[in-house]
Every structure is written in C-alpha cells, then in structure tokens.
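What follows is a set of notes on a single structure, which appears directly below.
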Amino acid sequence: MEKSIESIWKQGFLDKNAMVAPRLNNLYNQKSIHIIDKFKRMFKINLNALVVFSFFILVISFLVKIPVMGVMMFLLLNTLVIVNKRLLKGLNQIDKNVSSYQYLKSFDAWMQKQIAVNAKMSRYIYPYIFIAMISGFGLSSSFRQTLHRIFGDYQPYMISGIPVYWVSAMLAIVILLALLGGRIYKWDLNLVYGGILRKLEELIRDMEDLRAE
C-alpha cells in the first residue's frame, strides 16, 4: 500500500542508527510536513485564481471594447494553468516509500524543474502580454479617439505605411521583455513563494548537517 506523507515522516530523515534526540527528529519531520502542505495549498489556490482572473479579464475586455486583449490573455492564463497542473502531477508521482529527507530532496528537485520550465516560458509570456495589450488597445476605436484628443492631428513618421518609430520602440520592448522574462518570473516567484523556498533550503541544509555529524 502506498504510504501517506505523514507515514514517511515517521521514518525520520536519518538512518535508524543515528544518535539524534527523538524530539529533534520529530521537530524536523513536522517542519517538513508544514512546508510541503503549505506549498501545495498555495500552488492550487494560485492556479484556481488564474482561471478565475482569466474569465474576469475576458468579460471586462468585452465591456470596455478591447476583446482582442481579453481573448489573448484568457488563452495565455489557461495555458499556464494547464502546463502547471501537468507539472503538479509530477509532484504527486514522487516515490513516497522513502525517508522524509529523501522525499524533501525529491520535492526540491521537482521544484527546480518547475521553476526552470516556467522561467523558460516567461521569455515568451511577457512579450506576449505586451503584444496582447498593444493589440487590444490599438484596435480599440475609443483608445484611438483618446490618442487623437491628446496628440491632435500628429502624424508619425511613416515608411510604406508603417510608423517606423512606434514599431521600433515596440520591437525594442518586446526584445527586452524576452531577455528579462526569466528574471522577471523569478522576481515574481520570490514574492509569492520566497518564504517557502528559503525554509525548504534551510531545512534540507540542516538535515544534511545533522546527517554528516
């Protein structure tokens, strides 16, 4: 029968012959349970929040007459949810017939893979978001009217009907977002999961120090 996470922790993170006080062993086991449970709970909540937000932004985009942006953002957010739900299945497939220390190491390896996948995707996600916003507002008649009220009859420099400076600026932003996408994602990740990741790293390091003694 497959073991529950709680039964794994009961084995402890050290060898049976390790001379460590049972209370200390139990303390690290409880910390392990707390970290993984908290991450799973937050991860599922965030995925559900993305789904809800995707529908919210879709409805709002139609109300304010920028449906192109709403549809593009809806597709993006739900794609992210699908990818990360598949990654979550990998977490549930980690072998539970091991000690808590080995399970934590497997969890950390899964986490690093998940971060790597999302960081790679972010090189395309942030440029996509920018393009979605530009497309949505650019095709909006009300937005064009607002620009006309601000800039009057200003005509941008055109070559073959293409506003060169505008296109060049947008291209530069897209390239910059592509280059910085991974860093932006990790900054965002740190805001949401930074506390958990630091505690996980500290816990594994402490366990390894005790195992080495």
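Restrict the check to the range 30-47 and report whether at least one residue is over 25 Å from SER122 (Cβ atoms), at pLDDT below 90, assigned to a helix (DSSP H, G or I) and of a type in the set (Lys, Arg). Yes.
Looking at LYS120, LYS89, LYS85, which is the one that is surrounded by fewer than 16 Cβ atoms within 10 Å (Cβ to Cβ), within 16 Å of PHE39 (Cα to Cα) and at pLDDT 90 or above? Walk me through how you get there before you give the answer.
Details: LYS120 fails: within 16 Å of PHE39 (Cα to Cα); LYS89 fails: at pLDDT 90 or above.
Result of the check over LYS120, LYS89, LYS85: LYS85.
Flag: SER54 matches the condition of being modelled with pLDDT of 90 or more, within 24 Å of LYS89 (Cα to Cα) and buried (at least 17 other Cβ atoms within 10 Å of the Cβ). Residue count for the range 59-84 satisfying the condition of being in contact (Cβ under 8 Å) with a residue 12 or more places away in the chain, in a helix (DSSP H, G or I) and over 27 Å from TYR193 (Cα atoms): 6. When GLY90, GLY70 are screened for being touching a Lys or Arg at 6+ places or on another chain (Cβ under 9 Å) and of a type in the set (Gly, Ala, Ser), only GLY90 passes.
Of all the criteria given as (1) at pLDDT 85 or above; (2) in contact with a Ser or Thr (Cβ under 7 Å, 6 or more places away or on another chain), the one not satisfied by LEU203 is (1).
Name the residue, out of GLN145, GLN155, GLN112, that is surrounded by fewer than 16 Cβ atoms within 10 Å (Cβ to Cβ) and either among the small types (Gly, Ala, Ser) or modelled with pLDDT of 80 or more (or both). So that I can check it myself, show each step before the final result.
Working: GLN145 fails: either among the small types (Gly, Ala, Ser) or modelled with pLDDT of 80 or more (or both); GLN155 fails: either among the small types (Gly, Ala, Ser) or modelled with pLDDT of 80 or more (or both).
Result of the check over GLN145, GLN155, GLN112: GLN112.
The values are calculated or read from the model by the stated rules, or taken from the named source; none is laboratory data. Predicted model, so just to flag it, every value in this text is computed and none were measured. Counting neighbours? That spans all protein chains shown, and the Cβs are built from the backbone with ideal geometry, glycine included.
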